[in-house]
Amino acid sequence: MAFTLPYAITLEVGSSLENKTGDWRTERPVYLDRLPPCNIECPAGENIQAWLGLTQEGKYQEAWEEILDNNPLPSVHGRVCYHPCEDGCNRKQMENPVSIHAIERFLGDQALKNNWVVSKQADTGKHVLVVGAGPGGLSAAYHLCKMGHKVTVVESKAAPGGMMRYGIPEYRLPRDILDAEVKRIEDMGVTFKYNTRIDNLAATMKADGYDAAFLAVGAHLARKLEMPSDDSVNITDAVTYLNDIEANDSKPQLGKKVAVYGGGNTAIDVARSALRLGAEEVTVIYRGPQDKMPAHLFEIEEALEEGIKIAALRTITEYKGGNIIVEVNEMDADQRPQATGKTETIAADAVVYALGQLVDSSLLSDCDGIVENDNVIEVGQQMMTGMDGVFAGGDMIPSARTVTTAVGHGKKAARYITAYLKGETYTPAEKHETASFDKLNTWYYEEENMRQQPVLDLDKRKSTFGEVLGDLDEANAKYEAIRCMSCGNCFECDNCYTVCPDNAIIKLGRGNRFQINYDYCKGCGMCVEECPCGSMLMEPEEL
Amino acid sequence: MSTELKPDFCQTGNLTAGNRLQSIDVVSVQSTEDRANALTSGHRACQGCGEALGARMAIDKVMELSKNKVHVVNATGCLEVFTTPFPETSWNVPWLHSLFGNAPAVATGVQAALKAKGMEDVTVIAQGGDGSTVDIGFGCLSGMFERNDDVLYICYDNEAYMNTGVQRSGATPPTARTATTPLSGPHPGNNFGQGKNVPKIAMAHGIAYVATATIANVRDLEAKVAKAMSMKGARYLHIHVPCPLGWGSLPKDTIKLARLAVESGLYPLFEGEHGEITGVTKIRKKVPVDEYLKLQRRFVHLFKKGADTEDLAGVQAIADAHIKYYGLLDDGEK
Amino acid sequence: MLKQVEGSIAVAEAIALCRPDLVCAYPITPQTHIVEGLADMVRKGKIKSNCQYINVESEFAALSVCIGSSATGVRSYTATSSQGLLYMAEAVYNASGMRLPIVMTIGNRAIGGPINIWNDQSDSMALRDAGWIQIHAETNQEAGDLHIQAFKIAEQLSIPVMVCVDGFLLTHAYEQVEASTQEQVDEFLPPFKPMQALDCDDPMSIGAMVGPEAFMEVRALNVAHFDNALEPIQEISEEFEKIFGRKAGGLFEHYHSEEADTVVVSLGSVNGTVKDIIDEYRKEFVSIGSFKIGCYRPFPGKQILEQLKHAKRIIVVEKDYFAGVGGCLANDMKIAFRGSDAKIYSVIGGLGGRPIFKKSLMKILDRAMEDELEELSFIDLDRTLVEREQVREDQFMSNAG
């Protein structure tokens, strides 16, 4: 022992650094990233937590760019997505979830207001055909274009959007928003051909020299129902009705009393549209109980607010004398509706069937190898159909039929197509384990209720197609983003760094997270226990 | 419709040590890269030691505010033993250890010496565990208070004589098992005495500042150090520091226990100036004492079959009395 | 300049000239007049330093305050007596273990029980092995002068020093004293440069814990430093004489003992009485002298043996008596003289303030010189009283049994 100090029991400061206490350890803390449930639930695969984090810091454009990595239509999605992310949100188990959709809408609208654009990669020289300008087609076109391919979108209707335009009423999605987001894709260099129908895919591809194709024609054929009728009640279907509202200058009139048959979101859309177009009495008829209606609860609630009636547990049996004859159902022991034989009448000028939609797959008639089964196209792991170079997504393939699902398909297909064009196989990155609620230490989060979007006056809702839900302003959007708990991913709260009694955590500076100094870490586990977001874990030490 | 925005709401607000959404001036010193690490790595405290943590939290804040002009006097005890086993010390400050019972007097001497040298800008800290503070060094502490010497005394309370093998101190809570209050007889563990509330006794001296703090709330702790540092004369800070070894708790639960002690009402957070209580830190999510006690083997007998329920009720009564006396719940809460 | 002053004031004034930075004490008789004097001088600004006077709640605190101040690098002083010294005992050992150059006056007094406030030396004797240098004053003059030397010894060696001054006999006695001047003291005593101190610019940890792996070594080092103190103590005494023009301190002092057959060895003020007796014997040409030990700790055993190797008999007169050891000084002398032909007699006197009369002591010395003295004897012990009490106790015990 060499003494620089005068006396044996006087010691040089900080000399205990010689004593490496790390060898006391039997378990070691490690940092990890877990996958937050919002992300898991997002059909478009958005890295929601990342863009909420950027929003928290006021970095709106970076946040928007983060969304655009996965979804080219945030303004649209902030309005029409049914936000399963919020159902998954861990915050739901505290007070209520983060209003992710409202923040996405804010960011999307900021982009439109400020003309933010995204850059694309170098030209690959490949040309890809996208059939259908609905959400799936638009998404695929955007991603393919961004990846450097030449893209042509062929759309049979006069305008882009698919069901976003011809299925979703304007009070949920103002058309200027849709147009602006599509225009941004167009401005990137994607070619759109409207009013163009492809009758023979194989021939078209060959003729125009496409290297690959993505099919996303949607499901625009209404499911029909045959029923005894004396023709006293007009019968139409949701696809036709909603399309006519959008496509025709003269809005379709169904009469004073309108019934809608079906319990899904489309049924509600039809009912609320009919109300706005002058119907005085609108009734949604559904064979099951009201709480089993497939439509989203908030849509049903908004409809009820507007005065829509719901006749649940009713099955239409006949149209007679300006009335709909319905049979009353009861739930049986298996929780299935069963007819009771009792009937009632509902007076109606018209009835609209909203019973589901079918895919028009006629363009595939001459394509070898494509297998259609139960009105959907079979695709492989890489989303490719049985025909080489032809991929499909959206409502055409088996999955949930939502805008966001289609957008997710478009993104994935673009990746698979790119790999295909390079002669490679795209393998998605392995997913991290789930950041479930039990991984969090929620003590550290302040409880704070969701910021609510403003709602249009009821009077205006009943008479116009004005947008029902309003915007969160910047302050509220940011505030709401701040409610995000960053489940599973370090957000630099400094707890681990602070609670370590052995100074065994090194702070690498804001933005760079932390590192564990295993020379001194005794493995007490306090850092892991006090990590609010569950981005740490104790692992057995290899002895 | 949007409701009012809380101005300080930012994800974890002030509940976490740091917060990337807050300005660096607002977060705790502990959360910053340039904290002093007055007590550095390589010390021999047990895994999950609350005292090591409490000492670093407190002294780092003192270091920040005094611009590293600080002298620390340490009583004998765990903190002294695990930080300075010859030939290594973990301290990064001028530090002096003399005896178990004399830290306040030694600090008085240090302070007087600085005065004699005209160096009163140096902050003098005296610190010790509950044994040295509430028991053996209490006479010296009271003398230091009475003279109003310019010393900030910090007690790290882990509720027993841990260094000597967990024997009862004047700060050991009723029913707790220690080596000298074993689990036998009709009322196992420590007896229900009158307790020895040194923060209140300190207040009775009328000294400038008295506060209780906890390692579970570093921002509160640092604010109290800062408040103490803004004043002259004798000041007293009492920091609750769970001890996994002595309490029979898991090392990882140290902060949690400190938190539950506060949330149950057993360890009230308050501050006082010149003999008057001036503020309390409210309970955020009240819990029954069971939640706190059950995590500690020193209370295991309270939850065994056939345990005297009066004992547990007695501990709850202490918490309830604190809640009432200090007003630890927001109005209307029970 | 000669002044007629109380011993305590002579001490206080000497300390004041040493420019102490801190004085801290707790009242106990008979040390009180010293610190009262210092308190007064601090208040009146008569000390040429920014001296802090701290009133504390106990002797334990008093020495603890000095530990703190000394470790912060300032000249620190305290005083105590008797129970007070025992009450601070833990800190006494601690100060020397940390090698803090504190100077402490012991106004020597008996220790109880039974409680007794009068003079003997059992208090400083009780802590003779605490690692403090112990120097004894014979007169008020020397009491003052030893304090000036004490600071120099302590600070030069980083070892604390107890200056032992017989309670009442010196502390409360008025004698003529030649006062030192500030110039003399300043020339003799340089400003305190601590070996180690709390310092923000050069931080260190003072007072580490030492475990079994190094405790023996640390202790050995400490004792080695201590044992090396004798030479500097002597040198400092000689340096003092050069500057102040008078003798004080040092390891020992002969009084006709350089060649005497019989030598009386003692500590402190009793040496005055012994010297008077020697003078009387010398009139009759008896070969007897007095040998005063000035520095009791470290004990200059080798030097004493060398100085008194001619003596046939050595009579150790001391004012302490301990169970087990008997007279501490006699014990030390026996160890120093083991193997020597000189006969060592232990004489205990003056316990609890009992006066030592010349006549009584001479009777003992006569018997010694006739080689009739027991190895252990007492000056004026009332054996009748002792025996009567013994009988009473025996009766009580047998009744109770």
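Taken together, the values in this text are just the output of simple stated rules run on the coordinates, not laboratory data. Since the model is a prediction, treat every value here as computed from it, not as a measurement. Cβ placement follows ideal geometry from the backbone for every residue including glycine, while neighbour counts extend to all protein chains displayed.
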Checklist outcome for this item: Per the helix-only model, chain C has a calculated mean residue ellipticity at 222 nm (DSSP H runs of ≥4, -39500 (n - 2.57) each, divided over all residues, rounded to the nearest 500) of -13000 deg cm²/dmol
Checklist entry - Is the shape of the range C:252-383 rounded, prolate or oblate, going by the alpha carbon gyration tensor and its root eigenvalues a ≥ b ≥ c, with a/c under 1.5 for rounded and a/b larger than b/c for prolate? => result rounded
Checklist entry - Classify the range A:388-543: rounded, prolate or oblate, from the alpha-carbon gyration tensor (a ≥ b ≥ c, eigenvalue square roots; a/c under 1.5 rounded; otherwise prolate if a/b is larger than b/c)? => result oblate
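How shielded is A:444-452 by partner chains, expressed as the average number of their Cβ atoms within 10 Å of its Cβ atoms?
Across A:444-452, the average partner-chain Cβ count within 10 Å equals 4.
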Checklist outcome for this item: Helix C:32-43: inclination vs chain C longest Cα principal axis, degrees, rounded to 10, gives 20
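Averaged over its residues, how many other protein chain Cβ atoms are within 10 Å of peptide A:13-26's Cβ atoms?
The per-residue average across the peptide is 6.
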Checklist outcome for this item: CD proxy, 222 nm, chain A: helix-only mean residue ellipticity via -39,500 (n - 2.57) per DSSP H run with n ≥ 4, per residue, nearest 500, stands at -8500 deg cm²/dmol
Checklist entry - So how far, in whole Å, is the C-alpha centre of the range B:125-204 from the one of the range C:192-262? => result 39
Checklist entry - Where is the GNM fluctuation largest for chain C (alpha-carbon springs, 10 angstrom cutoff): C:Ala214, C:Ala179, C:Ala91? => result C:Ala214
Item to check | Relative contact order (%) - the range B:33-326, alpha-carbon pairs under 8 angstrom, separation at least six | outcome: 17
Item to check | Cα-centred dipole magnitude for chain A, charges only on beta-carbon of K, R (+1) and D, E (-1), debye, nearest 20 | outcome: 880
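To the nearest 20 Debye, how big is the dipole of chain C about its Cα centre, given +1 on the beta carbon of each Lys and Arg and -1 on that of each Asp and Glu?
On the way: 37 positive and 57 negative charges, 63 e Å.
With only Lys, Arg, Asp and Glu charged at Cβ, the dipole is about 300 debye.
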Item to check | Packing-based ranking, highest mean first, of A:363-372, B:99-108 given that Cβ atoms within 10 Å are counted | outcome: B:99-108, A:363-372
Next on the checklist: Around C:Val223, under 13 Å between beta carbons, what's the net of Lys plus Arg minus Asp minus Glu among the other residues?
Outcome noted: 0
Item to check | Average Cα contact separation per residue, the range B:150-261, under 8 Å, 6 or more apart, as relative contact order % | outcome: 30
Checklist entry - Of the beta bridges DSSP finds with both residues in the range B:33-326, what % are antiparallel, to the nearest 5? => result 30
Item to check | Residues of type lysines that A:Lys439 reaches as a straight line, Cα spacing below 26 Å, ignoring anything fewer than 8 places off in the same chain | outcome: A:Lys92, A:Lys431, A:Lys478, A:Lys507, A:Lys522, B:Lys252, B:Lys256, B:Lys285, B:Lys286, B:Lys294
Checklist outcome for this item: For the protein assembly as shown, the charge dipole (Cβ of Lys, Arg +1; Cβ of Asp, Glu -1; about the Cα centre) points to a positive end, and the Cα of C:Leu221, C:Tyr26, C:Ser76 closest to that extreme belongs to C:Tyr26
Checklist entry - What is the extension gain from A:Thr124 to A:Gln382, computed as 0.36 nm multiplied by their sequence separation minus the C-alpha to C-alpha distance, in nm to one decimal? => result 90.8 nm
Item to check | the range A:224-356 - Rg (one decimal) and Dmax (whole number), Cα, Å | outcome: 14.2, 49
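Looking at the range A:123-210, I'd like the Rg to Rh ratio, where Rg is from alpha-carbon atoms and Rh is Kirkwood's inverse mean 1/r.
Values: Rg = 13.2 Å, Rh = 13.3 Å.
Over the Cα atoms of the range A:123-210, Rg/Rh equals 0.99.
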Checklist outcome for this item: Of all DSSP beta bridges having both residues in chain C, the percent classed as antiparallel (nearest 5) is 25
Checklist entry - Going toward the positive end of the dipole of the protein assembly as shown, with +1 on Lys and Arg Cβ and -1 on Asp and Glu Cβ, which of C:Phe168, A:Ala8, A:Met147 do you reach last? => result C:Phe168
Item to check | Charge-dipole axis of the protein assembly as shown as Lys and Arg at +1 and Asp and Glu at -1 on Cβ define it, positive-most pick from B:Ala107, B:Ala211, A:Tyr497 | outcome: B:Ala211
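Order these peptides, A:402-408, B:58-64, by their mean beta-carbon neighbour count within 10 angstrom, highest first.
A:402-408, B:58-64
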Checklist outcome for this item: Pseudo-spin-label distance C:Gln390 to C:Glu259, built 7 Å along Cα→Cβ, given in nm, is 4.5
Item to check | Loop-resident sites, the range C:325-392, for GluC sites (Glu not before Pro), counting at most 16 other Cβ within 10 Å (DSSP) | outcome: C:Glu370, C:Glu372, C:Glu374, C:Glu375
Checklist outcome for this item: Rounded to the nearest 5, the percent of antiparallel DSSP beta bridges in chain A equals 45
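Please work out how much length the chain gains when fully extended from C:Phe215 to C:Lys242, using 0.36 nm per residue of separation minus the C-alpha to C-alpha distance, in nm with one decimal.
5.6 nm
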Checklist outcome for this item: Once the mean of 1/r over all distinct C-alpha pairs in the range A:45-110 is inverted, the Kirkwood radius in Å reads 11.7
Item to check | Computed magnitude of the charge dipole of the protein assembly as shown (debye, nearest 20; Cβ of K, R +1, Cβ of D, E -1) | outcome: 340
Next on the checklist: I'd like the mean, over residues of A:528-534, of how many other protein chain beta carbons sit within 10 Å of each residue's own Cβ.
Outcome noted: 4
Checklist outcome for this item: At the level of C-alpha centres, the distance separating the range C:105-140 and the range C:1-57, in angstrom, is 19
Checklist entry - Order of C:Glu231, B:Glu88, A:Glu541, A:Glu306 from fewest to most other C-beta atoms within 10 Å? => result C:Glu231, A:Glu541, A:Glu306, B:Glu88
